[in-house]
1. In segment 174-193, which residues are away from the ligand (no atom under 16 Å from the Cβ) and surrounded by 13 or more Cβ atoms within 10 Å (Cβ to Cβ)?
2. Taking Ile185 as meeting all but one of (1) assigned by TED's automatic domain parsing to the domain that holds Gly121; (2) of a type in the set (A, V, I, L, M); (3) assigned to a loop (DSSP other than H, G, I, E, B); (4) modelled with pLDDT of 95 or more, write down the number of the exception.
3. Say we look at segment 77-124 and pick out the residues that are of a type in the set (Val, Ile, Thr) and closer than 19 Å to Gly263 by Cα; which of these is farthest from the ligand (Cβ to nearest atom)?
4. Could you tell me which of the residues Ile74, Ile62 is within 16 Å of the ligand (Cβ to nearest atom) and either in contact with a strand residue (DSSP E or B) (Cβ under 9 Å, 6 or more places away or on another chain) or over 25 Å from Ser6 (Cα atoms) (or both)?
5. Out of Ile259, Ile218, Ile203, report the one residue that is assigned by TED's automatic domain parsing to the domain that holds Asn177, closer than 18 Å to Thr107 by Cα, within 18 Å of the chain's Cα centre (by Cα) and not aromatic (Phe, Trp, Tyr).
6. Residue check, Phe88 against (1) under 18 Å from the mean Cα position of the chain (by Cα); (2) closer than 30 Å to Glu207 by Cβ; (3) surrounded by fewer than 20 Cβ atoms within 10 Å (Cβ to Cβ), all met but one. Which one?
7. Only one residue in Tyr264, Tyr245 is under 16 Å from the mean Cα position of the chain (by Cα) and surrounded by 16 or more Cβ atoms within 10 Å (Cβ to Cβ), so which one is that?
8. For Leu249, state whether it is at pLDDT 95 or above, touching a His at 6+ places or on another chain (Cβ under 8 Å) and not small (Gly, Ala, Ser).
Amino acid sequence: MPEIASRNHIEAISRVMDKALKDANVTIKDIDAITPTYGPGLVGTLLVGVSYAKALAFANDIPLVGVNHIQGHIAANYITYPDLKPPFLCVMMSGGNTQIIYVRDYTEFDVLGKTRDDAIGEAFDKVARVVGLGYPGGPKVDKLAQEGEANISLPKTHFEDNSLDFSFSGIKTAVINLHHKSPNINPADLCASFQRTVTETLIENVEKAIDKTGIKVIALAGGVSSNSYIRKEFIKKEANGIKVYMPDLKLCTDNAAMIASAGYYNYIIGNRNYLNLNAIPNLKL
Ligand code: KG4
C-alpha cells in the first residue's frame with residue numbers, strides 16, 4: 001500500500017536520522033555528504049527521502065549526492081569486502097529486479113541480462129503465498145525447503161542462445177498449478193524444487209556471462225542473495241576457479257549502509273546533485 005508506506009516514512013525519517021547520528025556518535029556537522037536514494041522504487045516513499053535529504057543538505061551546507069538503489073545493492077559488497085574492486089559481474093536479485101551486471105567501475109555498469117517479467121524475489125513471495133507461508137515469502141521458502149527434497153521437475157525458460165535474460169513467470173505459474181491440481185504434494189518438496197530450479201537458471205546465465213566477458217569474479221546482491229541454497233550453490237563454483245563474493249546477510253536486504261557506500265563512490269569522483277533532484281520511480285542503472 002504505497003500511501004501507507006509513504007506516511008510511515010514521514011513518521012519515521014527524523015527519528016531514524018537522529019538515532020543513526022547518535023549511534024554513530026557524530027553530529028550532522030561531521031557528515032561529508034547526504035546520499036538519498038532517488039530511484040527506482042515507489043514515488044511517494046522516494047520523495048520523502050529525497051525531500052528530507054535536500055532540506056538537510058541545504059540547511060547544513062552539505063553536498064547532496066543522489067544514489068540509484070541498485071547501485072546501493074552492488075555497493076553492499078564493498079562493506080563486507082573492503083578489498084573488492086571492479087571489474088566483476090554482479091548477480092542482482094531482489095523483489096523488484098533480477099539482473100546480471102558487468103560492474104566496469106564503482107559507478108559504471110552494463111546490464112548484460114535482466115528479467116523479462118517477474119523479479120526472482122516476486123516469484124519467491126508468490127510461491128510462499130500459494131503454499132500458505134505468508135509474506136515476506138523468500139526467507140520462509142528458504143527455511144521450509146531445507147526440510148524437503150528437490151524431486152519435482154519444474155520448467156526453466158531459455159531465450160535465444162546469446163541472451164542472458166531471465167523469465168520467472170513460467171515457473172511461478174507451474175508451482176501454482178501443481179499446488180492446486182495435486183494438493184497432496186509436500187510443500188517442502190515444492191519449495192526445494194522451486195529453489196533448485198531457479199538457482200540452476202541463475203547459474204546457467206552467470207556461466208554464459210563469464211564466457212562472454214572473461215570475468216571470473218562474481219558478487220551477489222539484493223534480498224534474494226541471502227537465500228542459503230543460492231549462496232551454497234554459488235560457493236561451489238569456486239572449485240572451477242571462479243571467485244564468489246556475497247554481502248553479509250544483514251546487508252543483502254534493503255538497508256541505508258549500502259546506499260551510503262554507493263554514495264561514497266559517487267561523492268569521491270565529484271558527482272553532485274542540487275535542489276532540483278527528483279524521485280525517479282523507474283530509474284535505470
Ligand atoms: O532487496 P530487497 O530487500 O528489496 C528490494 O529492493 O526488492 O529484496 C526483497 C526480496 C523479497 O522478495 C524477499 O522475499 C526476498 O528478497 N528474500 C529472500 C530471502 N530473504 C529475502 N528470498 C529468498 N530467500 C531468502 N532467504
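1. Filtering segment 174-193 for residues away from the ligand (no atom under 16 Å from the Cβ) gives 174, 176-186, 189.
Correct list: Ala174, Ile176, Leu178, His179, Ile185, Asn186, Asp189.
2. With (1) assigned by TED's automatic domain parsing to the domain that holds Gly121; (2) of a type in the set (A, V, I, L, M); (3) assigned to a loop (DSSP other than H, G, I, E, B); (4) modelled with pLDDT of 95 or more applied to Ile185, the lone miss is (4).
3. Of everything passing the filter in segment 77-124, Thr107 is farthest from the ligand (Cβ to nearest atom).
4. Values: Ile62 fails: within 16 Å of the ligand (Cβ to nearest atom).
Step by step, each of Ile74, Ile62 is checked, and only Ile74 is within 16 Å of the ligand (Cβ to nearest atom) and either in contact with a strand residue (DSSP E or B) (Cβ under 9 Å, 6 or more places away or on another chain) or over 25 Å from Ser6 (Cα atoms) (or both).
5. Working: Ile259 fails: assigned by TED's automatic domain parsing to the domain that holds Asn177; Ile203 fails: closer than 18 Å to Thr107 by Cα.
Sole residue among the options that is assigned by TED's automatic domain parsing to the domain that holds Asn177, closer than 18 Å to Thr107 by Cα, within 18 Å of the chain's Cα centre (by Cα) and not aromatic (Phe, Trp, Tyr): Ile218.
6. All conditions pass for Phe88, except number (3).
7. Unique residue meeting the criteria: Tyr245.
8. Working: at pLDDT 95 or above: yes; touching a His at 6+ places or on another chain (Cβ under 8 Å): no; not small (Gly, Ala, Ser): yes.
Judged against the criteria, Leu249 is not a match.
The values are calculated or read from the model by the stated rules, or taken from the named source; none is laboratory data. The model shown is predicted, which means the values in this text are computed figures rather than measured ones. Positions of Cβ are backbone-derived with ideal geometry, glycine not excepted, and every protein chain shown enters the neighbour counts.
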